[in-house]
Amino acid sequence: MSTILVLGARGFIGSAIADFAKAAGHPVRTPRLDFARLLTPEAWQPHLEGVDIVVNAVGVLRDSHQRPMQAVHADAPRALFEACAAQGSRRVIHISALGIDGNATRYAQTKLLAERALEAHRAAGRLPHATVVRPSIVFGPGGASSRLFMTMARLPLLPLPAAALRTRVQPIAVTDLAEACLALIQAEVPPARVDAVGPEALTLAAFIATLRTQHGQQRPARLLPLPEAPSRWSARLGDHLPWQTWCSETLALLQQDNVGDAAVLGSLLGRPPVSPHHFVRLAWPRCR
């Protein structure tokens, strides 16, 4: 069995990937590393000894002194990919994000830098089995955004930024994402890029509505579209509350469609991805 290094294994997505890999019998390493310090290939080399496959699921939503986005999303991953290429790791799976093309946020721009670096390694034959995985909204227990959406689904009055009401998302269950990553680990020739999306594109309001229905709420929530200025003010307030998922970066990301082609994911899973209409039952069975 291949030895797998899962970076970000204490996070929502990384922990699910690590669990699936362990269940399949792979030796899995889950070190807690400071990406803000691992900025050269030489710094990564000791952590790659004896490793066959690297899965990078590290990410931050907020820029901070302790975890700057430039280092966490771009500089450290680029150094990691260089080290993997030099050390001959058989494959790298990098968890990025959907909906970042053409997005001016720091989150999107730093994510794109890492993607381009890994794609360049694959194109040059240095990491021929590298894959960029781009999830849409990932749903499941332990996810900060999942808790937020579950809370919103219970509200009788649903305030949402007006721009976000038109945005389409294609939510994926975290178990499907983890299972797809396991399939990539085991694939003879993995694809260069995977849009990790569910089977159905929904507006954000419709997604929250289906969660509400799964909660057993018969009446739809009343929508309260927030004009641009209040939306922007509330996001700026969230910028000063580190424990909140709502902030200026979130607002900007929600104003852009987050959808893709589910065909590649379905081929990896060997079945259609779980429908968002079944998320609550599968993730929180006691909610019904």
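When a footprinting reagent is the concern and you count Cβ atoms within 10 Å, what order do M152, M1 take, fewest first?
Ascending Cβ contact count within 10 Å gives the list M1, M152.
Go ahead and collect, in residue order, the members of region 1-25 whose backbone nitrogen is under 16 Å from a label point 7 Å along the Cα-Cβ direction of R90.
Counting only backbone N, you get 1-6, 21-22, 24-25.
Mean residue ellipticity at 222 nm from the helices of the chain, using -39,500 (n - 2.57) per DSSP H segment of n ≥ 4 over the full residue count, to the nearest 500 deg cm²/dmol?
For the chain, the value works out to -12000 deg cm²/dmol.
What is the set of long-range amide H partners of L158 at a cut-off below 5 Å, with H atoms built 1.01 Å from backbone N?
Placed amide hydrogens put R222, L223, L224 under 5 Å from L158.
Counting other C-beta atoms within 10 Å, and keeping those with at most 10, which DSSP coil GluC sites (Glu not before Pro) do you find in region 186-237?
Answer in residue order: E188.
Taking each full run of DSSP H in the chain as one helix, which ones are at least 30 Å long along their axis (Cα atoms) and have mean Kyte-Doolittle hydropathy of at least 0.5? Don't skip to the answer; put the middle values down first.
Numbers: long enough: none.
Once both thresholds are applied, nothing remains.
L223 to R271: FRET efficiency via 1/(1 + (r/R0)^6), r the Cβ-Cβ distance, R0 45 Å, to the nearest 0.05?
FRET efficiency, L223 to R271: 0.85.
Counting other C-beta atoms within 10 Å, which of K22, K111 has the fewest, and how do the rest follow?
In increasing order of surrounding Cβ atoms, one gets K22, K111.
Using the basic label-point model (7 angstrom from Cα toward the beta carbon), what is the A144 to Q109 distance in nanometres?
2.1 nm
Which of the trypsin sites (Lys or Arg not before Pro) found in region 170-230 are loop residues per DSSP with 10 or fewer other Cβ atoms within 10 Å of their Cβ?
Answer in residue order: no site qualifies.
Read the figures in this text as sums done on the coordinates, not as results from a lab. Bear in mind the structure is a predicted one, so any value in this text is a computation, not a measurement. Please note: Cβ atoms are built from the backbone with ideal geometry, for glycine as well, and neighbour counts cover all protein chains shown.
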